[in-house]
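Enquirer: Structure below; questions to follow.
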Amino acid sequence: MTGVGALQPDVAGFAPIGQPGPPGPPGRDPLRVAPLAPHVIVLFGATGDLARRKLLPGFLHLHHAGLLPHCRIVGVSLDDLDDAGYRQLAYEACTRFARPEALQKHWPTFSQNILHVSMRDGPERLAAAAWEAEQALGGDPRRLHYVSTPPSAVAEVLRSIEEAQLVERSRIVMEKPFGTDLATARTLHAGVHGLFEEEQVFRIDHFLGKEAALNILAFRFANGLFEPIWNRDHIDHVQIDVPETMGVEERAGFYEQTGAFRDMVVTHLLQVLAFMAMEPPTALEPQSIREEKNKVFRSLLPIRPEQVVRGQYEGYRDIPGVAAASETETFVALRCEIDNWRWAGVPFYLRTGKRMAEGARIISIAFREPPKSMFPAGSGVGAHGPDHLTFDLADSSRLSLSFYGKRPGPGMVLDKLSLQFALHETGFAGDVLEAYERLNYDAMVGDQTLFTTAEGIERLWEVSAPLLADPPPVQPYPQGTWGPAAMHALVAPRSWRLPFERKWRQNP
Ligand SMILES: NC(=O)c1ccc[n+]([C@@H]2O[C@H](COP(=O)([O-])OP(=O)(O)OC[C@H]3O[C@@H](n4cnc5c(N)ncnc54)[C@H](OP(=O)(O)O)[C@@H]3O)[C@@H](O)[C@H]2O)c1
């Protein structure tokens, strides 16, 4: 486990090679973040948006960081590209999305590790290319299959892996969406389990690759201060808020079939909720952390339509590929509850949407308010709402604790103040691996901690069923706003944290 361990001693980010590293799966040397064993990476969907923006630049950076010294990438798509043609595509992608120093230093050698085969040439061609790559690496290199194709192509990809006899010595990384409801998720999982053991399957959720998400575990469990109050006796409510300014124009076809709830809530936001709400795992290792997350999902109450506000930004129906009377939501806000001893009665408010006023990824915990009568009238106690602990999950991971403090001078006047911490203050900010790089590193060392389980996904579709069966109508909201007004009634008498009253302090 590359992330959380790196936080001990009190650092954030990725421990540089040779420095005290993370406690990993049993038998892994905690003092060294080991370079990966030789790998053949079979990248299905090799010419797609994700492959170009994240995966190819990510593998190049892992190579640059000395973590993926020996690999061969076999790109697979429907295109009829030869190796040279695909290397050119990969070069253009890395020129746009990779770290320049990685490109300059390694492209000439790294590019020679890249091959391409077309799916249309059949499993024999794929088998031959993989065999050629393994011969070039020598020994018994590991195999990583990365499925970055549209969901409709997954069954065909699994068939080609089987027919090319590439299941042995391999792991498979699956991209969301993991089905569109309980039935389709079960079908997908049955197909995958027909070929792979669950230990070989890595269902990726890039939200969980972020330093900040890992920081939550360290913050909760490496400090004696927070865990004792991390429950319904002290916490009034939690908000997980991920507004986005971008629209869906580029992927309207996919989005029109999906919507904000399936695209962001069932995947990212509920996964982050589990990190927030889980019981302390017995160890920072895959099995116990995933089990604690699944226990949270098992305690989630079904999401009822009346607890949900769905919105659609004005102009969405004019996008090519969107139905004129589309009822697809580009915004969703909901209340969900975890019915267990730690959280019963504490509302978790989740919100996400496209074309909103600001982009952000925050978790905001509001603590129960103290008795106030001891403070004189006009002191300002409670005037700015409860104390908040806020995690900023964006790349510049930050956290803040707001509290009331006495204003210097005569009398008792209270102001809302905040303690703030930002990753860049640790001096390790530069060592951070991007989410997809970290997750691919973990998949190649076989560490499933940050990957979602089939059981967890099916449980989340189960609790979503009442909403999916009877979704409330979408309510229009102007682009560049915070969403439909009805979202305020959802949280009343509380209020949404965003937009923040106070801005984060900028780094000097
Ligand atoms: N893009 C993102 O930011 C993002 C983020 C999170 C998750 N995802 C997920 O990642 C997956 C890929 O997304 P994307 O945006 O990269 O899609 P995309 O741009 O549409 O690319 C799809 C890729 O799959 C290939 N492909 C299509 N059918 C295939 C088949 N039958 N066999 C082999 N290859 C096939 C395409 O090849 P051709 O080019 O030859 O047609 C192309 O390389 C999807 O599941 C998506 O939900 C994407």
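The values are calculated or read from the model by the stated rules, or taken from the named source; none is laboratory data. Since we're looking at a predicted model, the values are computed, not measured. A quick note on method: Cβ atoms are made from the backbone with ideal geometry, for glycine too, and the neighbour counts reach across all protein chains shown. Surface areas here come from the heavy atoms of the whole protein model, side chains and all, with no ligands, DNA or RNA. Shrake-Rupley method; radii C 1.70, N 1.55, O 1.52, S 1.80 Å.
Enquirer: What single numbered condition from (1) farther than 26 Å from residue 337 by Cα; (2) part of a loop (DSSP other than H, G, I, E, B) fails to hold for residue 145?
Expert: It fails just one condition, (2).
Enquirer: Does residue 273 satisfy the criteria of being open to solvent by less than 10 Å² (accessible area, probe 1.4 Å) and either within 18 Å of the chain's Cα centre (by Cα) or among the hydroxyl-bearing types (Ser, Thr, Tyr) (or both)?
Expert: In short, yes.
Enquirer: Out of 383, 366, 360, I need the residue that is of a type outside the set (Val, Ile, Thr) and assigned to a strand (DSSP E or B). Which one? Quick ask: steps written out before the conclusion?
Expert: Numbers: 383 fails: assigned to a strand (DSSP E or B); 360 fails: assigned to a strand (DSSP E or B).
Being of a type outside the set (Val, Ile, Thr) and assigned to a strand (DSSP E or B) holds for just one of 383, 366, 360, which is 366.
Conditions (1) of a type in the set (Gly, Ala, Ser); (2) modelled with pLDDT of 95 or more, marked per residue:
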{"position": "166", "(1), (2)": "no, yes"}
{"position": "184", "(1), (2)": "no, yes"}
{"position": "189", "(1), (2)": "no, yes"}
{"position": "200", "(1), (2)": "no, yes"}
{"position": "208", "(1), (2)": "no, no"}
{"position": "211", "(1), (2)": "no, no"}
{"position": "215", "(1), (2)": "no, no"}
{"position": "218", "(1), (2)": "yes, no"}
{"position": "233", "(1), (2)": "no, yes"}
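Enquirer: Within region 327-374, which residues are within 19 Å of residue 498 (Cβ to Cβ), among the acidic types (Asp, Glu) and in contact with a Pro (Cβ under 7 Å, 6 or more places away or on another chain)?
Expert: Restricting attention to region 327-374, the residues satisfying the condition of being within 19 Å of residue 498 (Cβ to Cβ) are 329-336, 347-367.
So of that shortlist, the ones also among the acidic types (Asp, Glu) come out as 329, 358.
Selection gives 358 alone.
Enquirer: Would you check if residue 252 is closer than 29 Å to residue 442 by Cβ and touching a residue at least 24 places away in the same chain (Cβ under 8 Å)?
Expert: no
Enquirer: Same structure, new question: Within the set of pairs 6 or more residues apart or between chains, which connect a residue that is more than 17 Å from residue 342 (Cβ to Cβ) and of a type in the set (S, T, N, Q) inside region 220-240 to a residue that is open to solvent by less than 30 Å² (accessible area, probe 1.4 Å) and modelled with pLDDT of 95 or more with Cβ atoms less than 6 Å apart?
Expert: Close Cβ pairs satisfying both conditions: 239/349; 239/364.
Enquirer: Go through the residues of region 87-105 one by one and say whether even a single one is within 16 Å of residue 440 (Cβ to Cβ), open to solvent by 50 Å² or more (accessible area, probe 1.4 Å) and hydrophobic (A, V, I, L, M, F, W, C).
Expert: Yes, there is a match, as at least one residue in region 87-105 is within 16 Å of residue 440 (Cβ to Cβ), open to solvent by 50 Å² or more (accessible area, probe 1.4 Å) and hydrophobic (A, V, I, L, M, F, W, C).
Enquirer: For region 242-265, what are the residues that are in contact with a Phe, Trp or Tyr (Cβ under 8 Å, 6 or more places away or on another chain), modelled with pLDDT of 95 or more and buried (at least 24 other Cβ atoms within 10 Å of the Cβ)?
Expert: 260
Enquirer: Which residues, counting only those in region 142-161, are among the hydrophobic types (A, V, I, L, M, F, W, C) and near the ligand (Cβ under 7 Å from one of its atoms)?
Expert: Those that are among the hydrophobic types (A, V, I, L, M, F, W, C) and near the ligand (Cβ under 7 Å from one of its atoms): 153, 157.
Enquirer: A follow-up question, please. Looking only at region 276-304, which residues are open to solvent by 60 Å² or more (accessible area, probe 1.4 Å) and among the β-branched types (Val, Ile, Thr)?
Expert: 282, the sole residue that qualifies.
Enquirer: Turning to a different aspect of this structure: How many residues are within 18 Å of the chain's Cα centre (by Cα), over 19 Å from residue 274 (Cα atoms) and open to solvent by less than 40 Å² (accessible area, probe 1.4 Å) when one looks only at region 339-395?
Expert: 3
Enquirer: Now for a separate question. Are there any pairs, at least 6 apart or on different chains, whose C-beta atoms fall under 9 Å, with the first in region 90-118 and touching a residue at least 12 places away in the same chain (Cβ under 8 Å) and closer than 23 Å to residue 130 by Cα and the second open to solvent by 90 Å² or more (accessible area, probe 1.4 Å) and not in a helix (DSSP H, G or I), and if so, which?
Expert: Every condition considered, the pairs that remain are 113/70; 116/82; 118/78; 118/80.
Enquirer: Hey, another quick one. For residue 137, indicate whether it is surrounded by fewer than 21 Cβ atoms within 10 Å (Cβ to Cβ), more than 19 Å from the chain's Cα centre (by Cα) and either closer than 19 Å to residue 271 by Cβ or within 12 Å of the ligand (Cβ to nearest atom) (or both).
Expert: On the way: surrounded by fewer than 21 Cβ atoms within 10 Å (Cβ to Cβ): yes; more than 19 Å from the chain's Cα centre (by Cα): yes; either closer than 19 Å to residue 271 by Cβ or within 12 Å of the ligand (Cβ to nearest atom) (or both): no.
When the stated conditions are applied, residue 137 does not pass them.
Enquirer: Please determine whether any residue of region 188-197 is within 21 Å of residue 441 (Cβ to Cβ) and within 14 Å of the ligand (Cβ to nearest atom).
Expert: Among the residues of region 188-197, not one is within 21 Å of residue 441 (Cβ to Cβ) and within 14 Å of the ligand (Cβ to nearest atom), which makes the answer no.
Enquirer: Report the residue count in region 208-241 for those that are farther than 19 Å from residue 449 by Cβ, open to solvent by 20 Å² or more (accessible area, probe 1.4 Å) and not in a strand (DSSP E or B).
Expert: Residues that pass the stated criteria total 11.
Enquirer: So which strands (runs of 3 or more DSSP E) stay within region 23-130 end to end and still have 1 or more residues that are more than 16 Å from the ligand (Cβ to nearest atom)?
Expert: It comes to 39-44, 71-77.
Enquirer: For region 143-154, state whether one or more residues are of a type in the set (D, E, K, R) and either more than 23 Å from residue 194 (Cβ to Cβ) or open to solvent by 60 Å² or more (accessible area, probe 1.4 Å) (or both).
Expert: no
Enquirer: Can residue 173 be described as of a type in the set (Val, Ile, Thr), within 11 Å of the ligand (Cβ to nearest atom), closer than 21 Å to residue 70 by Cβ and at pLDDT 95 or above?
Expert: yes
Enquirer: Quick one: what pairs do we get from region 136-153, first residue polar (S, T, N, Q), second in a strand (DSSP E or B) and near the ligand (Cβ under 7 Å from one of its atoms), C-beta under 6 Å, 6+ apart or different chains?
Expert: Every condition considered, the pairs that remain are 149/44.
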